[in-house]
Amino acid sequence: MEKLLIVDDEPKVLKALSFLVDGEYRAFTAECSKDALEIFDREQISLVLLDVRLGRENGFDVMKKLLERDPQARIIVMTAFPSIDSSIEAIRAGAFYFISKPIQSEQLMALLNQAAEQVKMSKRIESLEGAARSRIIGESPSMKKLFGLIKQVKDVNANVLITGESGTGKELVAREIHFSGIRKDKPFIALNCAALPENLLESELFGYKKGAFTGAVRDEIGIIRRADRGTLFLDEIGEMDLRLQSKLLRFLQEKEVSPIGGQTHPVDVRIICATNRNMEEEMAAGRFRSDLYYRINVINLCIPPLRERMEDIPYLVSYFISKYNVAFSKTVSGITEEAYGALHGYPFYGNIRELENIIQRAILLSSGNMIEKEDLFLPALYIAKPERTKSGNEGHLPVTANDTLKDMEKKMIAFSLKQNDFNRRRTALALDISERSLQYKIKEYGL
């Protein structure tokens, strides 16, 4: 039952209004601002019925104090002396509605129900937004080390490169660096370099002047300038084209941005980049400029994959259950030991993103108060560990004295692919290389 605070200096009015809302709301009453504020704080009330005149006190002053405590509160103002000026003043001060005494019961109940619904909606939105801005979760030693590094670099203007597999939370780390640091009140803009073609990525980053190319019908300042004095997060930086890498390098060196067809502009922006690629391999293959790499990799933060910090799973599961209980209006209270066991035996190739999807689906489809193993819908293909050794010579890698290192590498990759049923994710994991690197090797050796 929603709580309602009724504030009026007339005891008879308080009694009558409490009787009116009984059964629909849990009413608390106060005759002065001191009692009203105390009850408001103690009971965490967000719905208020407030008289404009409280003896010698001004109800608008009380409303201001209430809204300072909870900006999401809905306050209906009452008065026995209505006027256009007072109603305008009430709305400007933040009142939800302004009604005149004597109060009509049907009108009041309709207003209270509407205000209560808005309170619920605001709390739900706030909860979901809080989830979207969530801090990084983890108690494992590797995550505690990461937290320590974030604390060290948050107020430093040096560029940061965040590395790690897909789904480990690289953007979350970038956001944590920004919003816990000295630039937190300035813009944070994220851009996925793999999501846009080269020409569009260039115009989005650096901007352009009207008429600079076909379709440039207006001036566009670009994302870099929009992030001025804040942070620009470039995700999947390893996907950036070499020509554009050169232009980005120039910007990092000069601290000036050159829009297409326009003049240069000085910009103060902190650059945080992220990639799931092996950048040493990318540079060796000529796909990424080494000078740009050393510019963006002043500080390197490596996020461990979830399978290397399985002790964090209970904390993550608890968080995702709370998050999606709100999103789906569910009341799931936890997860069974059997279900936990299944999660601990799962490799999580998609890392935290995959765990979140699993819990989200389980909550959405569950019919009880606990998530059961059957609710997880884990693919049997990934739960079952591949058989690494077979009868005869199939479990051994044939090597001859004349084999070169490349010959051995080719045989090793072919052997591991076969042992893992040609599943590239499991093969890359078995060989301890990135899936992208494996893809290049498969293409190089024609496997």
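The values are calculated or read from the model by the stated rules, or taken from the named source; none is laboratory data. Nothing here was measured: the structure is a model prediction, and the numbers come from that model. A quick note on method: Cβ atoms are made from the backbone with ideal geometry, for glycine too, and the neighbour counts reach across all protein chains shown.
When the residues of the stretch 105-121 are filtered to those that are closer than 14 Å to L49 by Cβ and of a type outside the set (A, V, I, L, M), the one that is nearest to the chain's Cα centre (by Cα) is Q114.
Here are the criteria: (1) of a type outside the set (D, E, K, R); (2) under 22 Å from T168 (Cα atoms); (3) surrounded by fewer than 17 Cβ atoms within 10 Å (Cβ to Cβ). Tell me which single one I237 does not satisfy. Failed condition: (3). Within the stretch 188-208, restricting attention to residues that are modelled with pLDDT of 90 or more and under 17 Å from E171 (Cβ atoms), the residue that is surrounded by the most Cβ atoms within 10 Å (Cβ to Cβ) is C193. Looking at Y324, Y294, just one residue is among the aromatic types (F, W, Y), under 30 Å from L252 (Cβ atoms) and modelled with pLDDT of 90 or more, and that residue is Y294. Going through (1) at pLDDT 75 or above; (2) in contact with a Phe, Trp or Tyr (Cβ under 6 Å, 6 or more places away or on another chain); (3) of a type outside the set (V, I, T) one by one, L397 falls short only on (1). The residue pairs whose first member lies in the stretch 427-447 and is more than 15 Å from M412 (Cβ to Cβ) and in the same structural domain as K406 (by TED's automatic domain parsing), whose second member is buried (at least 17 other Cβ atoms within 10 Å of the Cβ) and aliphatic (A, V, I, L, M), and whose beta carbons are closer than 7 Å, counting only pairs six or more residues apart or on different chains, are S434/A428; E435/A428.
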